[in-house]
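Please treat every number below as a calculation from the coordinates, not as lab data. In this text, all values refer to a predicted model and were calculated from it rather than measured experimentally. Here the Cβ positions follow ideal geometry from the backbone for every residue, glycine too, while neighbour counts run over all protein chains shown.
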């Protein structure tokens with residue numbers, strides 16, 4: 001209750017318990033109940049069902065815990081710094097927007113970086129929900145006749161159709177049906193700023209910032225989007241892919257130095273880390289009764305096929321489930337995973353994974369892209385990941401021993417399915433069959449090039 005001199009920071013007293021690693025890990029972990037994705041469905045539906053099921057799975061690793069604690073501390077710190085003085089809080093509600101002091105640079109955006117698909121969005125969505133859950137649902141403020149919703153942290157994401165105005169509408173809680181009647185321009189900014197102040201909003205999360213611009217070089221539009229929370233006088237966390245980080249690093253110092261002054265990084269788990277094994281054990285639990293292989297026992301091979309990047313792992317298993325459904329199988333076998341990796345449906349992901357592996361060995365490319373991590377030398381976890389990647393990609397190390405996990409029947413079926421068009425003209429597809437000859441999991445990367453006629 002915020003009345004007569006009480007500190008607004010009291011509304012966040014429950015967040016302190018989340019700074020304990022075990023408590024936070026337990027709160028963030030999401031392991032959905034097992035669901036039969038194969039039974040009685042067409043392959044396309046099976047694929048989507050698998051993506052939906054595994055999309056709910058989230059097992060935080062130490063890096064995610066560290067990032068989450070930083071954001072929780074940011075939220076608590078902003079509240080204590082900005083709302084400790086009740087008179088200042090009241091001033092934010094009633095003073096003209098232009099007369100209020102700007103946001104101190106201490107609270108300029110925190111940038112969260114990482115490979116596409118590594119789990120940045122999942123972490124932030126879950127964390128925002130936890131922070132909100134641990135905060136009082138409403139505040140009673142002196143001078144207001146009714147309690148005010150307590151929106152401590154707000155998550156929003158850019159999409160290909162987003163504009164600064166649409167993001168402001170979302171941050172300000174303006175329903176779409178009322179958008180045409182909403183204020184415009186500076187009046188909209190003032191309205192949203194007051195709404196955030198009234199709701200005790202301490203931080204805004206801006207996700208998917210790559211959709212804020214269609215350019216591969218410019219940074220002006222992204223900079224403008226990142227300025228929104230600053231103009232609204234709230235702290236913020238912005239997700240950046242690596243190429244976007246590199247672009248902002250080239251911006252004038254008055255922008256780049258401020259936007260990138262506090263970067264956080266999430267790296268995929270290392271091959272030999274317990275975190276990857278924990279994730280594979282969770283896969284085994286969620287897909288109980290639907291797999292002919294044990295993800296935990298095959299964790300090394302699954303890492304090599306996905307490089308530990310969760311989105312690629314989920315996509316691979318989704319395609320494998322569709323392969324099993326198309327074949328009329330009741331369970332997903334290890335050969336289905338191999339066929340999925342060599343499929344055209346996985347082609348874009350396979351190219352990205354091969355690029356990451358090649359760059360890990362060859363060094364920084366001339367033109368930086370989303371596959372090149374600029375933190376390899378400065379971040380310990382990133383350094384260990386890339387060292388593990390270089391070791392796994394070294395000659396003689398990438399050959400898989402997973403062929404021994406196949407039964408004789410699976411081995412023969414896999415050969416027949418992937419050798420068919422080798423006898424033909426080299427067309428990527430021939431009578432619907434894949435034109436690849438596979439001798440083991442390590443060869444699927446080479447066979448993939450044949451699938452595309454390269």
Distance in nm between pseudo-label sites at residue 17 and residue 187 (7 Å out along the Cβ direction from Cα): 4.5
Whole-angstrom gap from the range 11-60 to the range 270-312, using each part's C-alpha centre: 15
Point-to-point label distance, residue 70-residue 166, nm (Cα→Cβ direction, 7 Å offset): 2.9
Ranked packing of 241-252, 65-76, most packed first, by mean Cβ within 10 Å: 65-76, 241-252
Convex hull of Cα atoms in the range 201-338, direction-averaged projection (nm²): 11.5
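Where Rh is the Kirkwood radius over the Cα pairs of the range 321-367, the temperature 20 °C and the viscosity 1.002 mPa s, what D in µm²/s does Stokes-Einstein return?
172
Using 0.36 nm per residue, how much length does the chain from residue 25 to residue 297 gain when fully extended, once their Cα-Cα distance is taken away?
Computed gain between residue 25 and residue 297 is 95.5 nm.
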Gain in span if fully extended, residue 125 to residue 104, counting 0.36 nm per residue against the direct Cα distance: 5.0 nm
Point-to-point label distance, residue 331-residue 254, nm (Cα→Cβ direction, 7 Å offset): 6.6
Additional length obtainable on full extension of the chain from residue 81 to residue 281, 0.36 nm per residue less Cα span: 67.8 nm
Burial order of peptide ranges 16-23, 193-200 (average beta-carbon count within 10 Å, highest first): 193-200, 16-23
